[in-house]
Amino acid sequence: MKERLACTAAIAALAIGCVTFFYLGLGLVPVYIIGGPGLLAVFFWYRTYLKRPTEPAIIVPLFLMTAAGFEIHLMEEYLGHYGPAISRLFNIGWTDRVFVVICFLLAAALCLVSVGLYYRKPVAGFVASLFLFTRVAELGLFVFPLLRPALRPEAAHPISQSVASGTFVADMPNHYWRITGSYYFPGMYTVALAILPALYALYRVWQARPAVSIASVSP
């Protein structure tokens, strides 16, 4: 019980730190993108991994498959200037350089998480759950072309200017389909490489969760 309480406190501190970092650095939009899946991840982790860590033979291969698909997905996003596109859409300061730095940090973090899953560490189980749920949240990519950009939506060509935070962002493309006539946003072509293994991993972990005994629910 003490270990569970300690893990829960660590997760709470981690969640607060991440939300604060994203809010101060990138604004409210990333907080919404991470916050919703984060709540689901907390519930999922509590019902599955915290009570009894999933067998490494089940979760580690599926987690690594999701991570590999995600890295390929990130390549398409980078080549399509996902960061500047998001910056134009929501008026936030996400440059290509920031996007690359985040990708490298994520790659390193995913390697460490896989080691934690192998050794059945509860915190690693939560981070893995958060990663899997945020992959499913990438279905939002199919909504972005329908949204009117916050910065010069009438201009089809890329623009370079300072955003609300004061950060200068170069070559911000416009993917608003009413202007461009094309229904696309960077990452749409390869998003299934991350979503499908993530969904299967969540399914397998849920299936392997501890069964509720009759004694534990009887009065």
For segment 41-84, alpha-carbon Rg over 2.2 N^0.38 Å: 1.62
Carbon/sulfur fraction of accessible area - segment 60-219, other protein chains in place, 1.4 Å, %: 68 percent
Segment 112-219 - accessible surface per residue (Å², probe 1.4 Å): 55 Å²
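Of all the C-alpha pairs in segment 92-188, what % are more than 18 Å from each other?
I get 61 percent for the Cα pairs in segment 92-188 exceeding 18 Å.
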Farthest toward positive dipole pole in segment 49-125 [+1 Lys/Arg, -1 Asp/Glu at C-beta], among Trp94, Leu112, Leu64: Leu112
Net charge dipole size for segment 26-181 [Lys, Arg +1 and Asp, Glu -1 on Cβ; Debye, nearest 20]: 520 debye
Förster radius 25 Å - calculated FRET efficiency between Trp206 and Leu146 (Cβ-Cβ, nearest 0.05): 0.20
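The values are calculated or read from the model by the stated rules, or taken from the named source; none is laboratory data. Quick caveat, the model's predicted, so the values are computed rather than measured. Positions of Cβ are generated from backbone atoms using ideal geometry, with glycine treated the same way; all protein chains shown enter the neighbour counts. Quick note on the areas: whole protein, heavy atoms, side chains included, nothing else; ligands and nucleic acids left out. Shrake-Rupley method; radii C 1.70, N 1.55, O 1.52, S 1.80 Å.
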